[in-house]
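Computed from the coordinates by the stated procedures, all read-outs in this text should not be read as laboratory data. Quick caveat: nothing in here was measured; it's all calculated off a predicted structure. Heads up, the Cβs are rebuilt from the backbone with ideal geometry, glycines too, and the neighbour counts pull from every protein chain shown.
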């Protein structure tokens, strides 16, 4: 089980309002249909009006779940144009979980959120330069080479 | 060790989100 682990529980409780839905219960079908549910585990970050801001599927062990959750909330904050909050969460991923699977993506979007906040190309290029050094084989390093 | 206080419905989560700053985490699971 991933959820009893302290870093996972701490991140869920600090950053989110957690809500669980059993996909075998008939009464839950309207919500499952609303979100086009297909496969479990199915995790979504939602806005206060129910808008989906980020989602992922599949089991992750605690060492990967905690950084994925923090990055997911960062993505949601970025979509809400809360650039400083997004950047702080991406940086938390990089500081606490530098070898996580989601670290390269967090590095990429740390640059995006910094750029959106400052409008300075240097912020973007600095973050992406670090990405190229830290994760040279990542798909996110490929994606920065436009 | 305390357990996560998962809310049981989307409506409750939306109400709580409207009243605060946190976003909602929805976890759809299959118990079997």
With the requirement that a residue be within 8 Å of chain B (Cβ to nearest Cβ) and assigned to a helix (DSSP H, G or I), what does segment A:48-70 give you? A:69
Could you tell me whether segment A:45-62 includes any residue that is in contact (Cβ under 8 Å) with a residue 40 or more places away in the chain and buried (at least 18 other Cβ atoms within 10 Å of the Cβ)? yes
Of the residues A:73, A:45, A:8, A:31, which is outside any helix (DSSP H, G or I) and within 11 Å of chain B (Cβ to nearest Cβ)? A:45
Across segment A:11-27, which residue is farthest from the other protein chains (Cβ to nearest Cβ) among those that are out of contact with any helix residue (DSSP H, G or I) (no Cβ under 9 Å at 6 or more places or on another chain) and more than 14 Å from residue B:6 (Cα to Cα)? A:26
For a quick check of your reading: which helices (runs of 4 or more DSSP H) sit entirely within segment A:81-139 and have at least 1 residues that are out of contact with any helix residue (DSSP H, G or I) (no Cβ under 9 Å at 6 or more places or on another chain)? A:83-96, A:121-134
Take the residues in segment B:13-31 that are exposed (fewer than 13 other Cβ atoms within 10 Å of the Cβ) and more than 7 Å from chain A (Cβ to nearest Cβ), then tell me which one is nearest to residue A:82 (Cα to Cα). B:21
